[in-house]
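Q: Would you mind keeping the following structure in view while I ask a few things?
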Amino acid sequence: MPKLLFSKMRFYTIKDLMQNVKRPRRSDVIFNRNRRKMDIQCHMVQKTNDETYPSNLSYQTDHKLYPTLEELLRDKKYLAAFRSFLQSEFSEENVDFWLSCEDFKSTASMDDLGWKAEGIYQKFIQPTACREINVDHHIREKIKKTLEQPSLSCFDEAQKHVYLLMERDSYPRFLHSDAYLSVKNKSRTLWYI
């Protein structure tokens, strides 16, 4: 018979000893955890206040290192990199819709307005569209109603919604992607040459 690591006698002895040990209640564990977090946060605040760095450094000054999404969409190099990044995430229809809306707003003749609006609706907004964008039902219905007599502003709400989606979701990930870094580094080297 194989030797047992613990005999029955030892097991019961250990079990009896464990009953005498005072276990912390769940609330004590949570309070201690929160207290440690507060201590760490206070220590971090003291450390940052003691440093010689100016206290007005913030996200806003750090944010100026990156182009805004609007600037990114206007620059051809960054736009191409952003589109390829979105293709890798299977969401390039957002930037294509935004660009189509910008083209639509620059339409001069009222005759072209109707067929362009219908084309954008069928390509991006219609529920069975091949490149359907993520907008809610209310925006779809508003656009569908305005297609009877389209105006230059009929896609504004959907365009703003898609812009905010890209700004909050895709754009921050793009700024940390290899696609952005390679374009940024290429533009630096070209500037120095």
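Q: Examine region 147-162 for a residue that is hydrophobic (A, V, I, L, M, F, W, C), assigned to a helix (DSSP H, G or I) and exposed (fewer than 13 other Cβ atoms within 10 Å of the Cβ), and state whether such a residue exists. First the steps, then the outcome.
A: Just the residues of region 147-162 that are hydrophobic (A, V, I, L, M, F, W, C), to begin with: 147, 152, 154-155, 158, 162.
Remaining after also requiring assigned to a helix (DSSP H, G or I): 158, 162.
Next, only the ones that are exposed (fewer than 13 other Cβ atoms within 10 Å of the Cβ) stay: none.
No - not one qualifying residue is present in region 147-162.
Q: Let me ask you something else. In region 89-109, what count of residues is obtained for those that are outside any loop (DSSP other than H, G, I, E, B), in contact (Cβ under 8 Å) with a residue 40 or more places away in the chain and open to solvent by less than 30 Å² (accessible area, probe 1.4 Å)?
A: Residues in region 89-109 being outside any loop (DSSP other than H, G, I, E, B), in contact (Cβ under 8 Å) with a residue 40 or more places away in the chain and open to solvent by less than 30 Å² (accessible area, probe 1.4 Å): 6 in total.
Q: Also, I was wondering about something else. For region 110-121, which residues satisfy the criterion of being out of contact with any helix residue (DSSP H, G or I) (no Cβ under 7 Å at 6 or more places or on another chain) and either surrounded by fewer than 13 Cβ atoms within 10 Å (Cβ to Cβ) or of a type in the set (D, E, K, R) (or both)?
A: Selection gives Met110, Asp111, Asp112, Trp115, Glu118, Gly119.
Q: Related question: Here are Phe85, Phe124: which of them is aromatic (Phe, Trp, Tyr) and either open to solvent by 40 Å² or more (accessible area, probe 1.4 Å) or under 25 Å from Leu65 (Cα atoms) (or both)?
A: Numbers: Phe124 fails: either open to solvent by 40 Å² or more (accessible area, probe 1.4 Å) or under 25 Å from Leu65 (Cα atoms) (or both).
The unique qualifying residue is Phe85.
Q: For region 113-156, which residues satisfy the criterion of being under 11 Å from Cys101 (Cβ atoms) and either in contact with a strand residue (DSSP E or B) (Cβ under 6 Å, 6 or more places away or on another chain) or of a type in the set (Gly, Ala, Ser) (or both)?
A: Correct list: Ala117, Ser153.
Q: For region 177-187, does any single residue satisfy the condition of being open to solvent by less than 60 Å² (accessible area, probe 1.4 Å), modelled with pLDDT of 90 or more and in a helix (DSSP H, G or I)?
A: So far as region 177-187 goes, no, none of its residues is open to solvent by less than 60 Å² (accessible area, probe 1.4 Å), modelled with pLDDT of 90 or more and in a helix (DSSP H, G or I).
The values are calculated or read from the model by the stated rules, or taken from the named source; none is laboratory data. Just so it is clear, the model here is predicted, and its values are computed rather than measured. Note that we place each Cβ from the backbone using ideal geometry, even for glycine, and neighbour counts take in every protein chain shown. Calculation scope for accessible area: heavy atoms of the full protein, side chains included, ligands and nucleic acids excluded. Shrake-Rupley method; radii C 1.70, N 1.55, O 1.52, S 1.80 Å.
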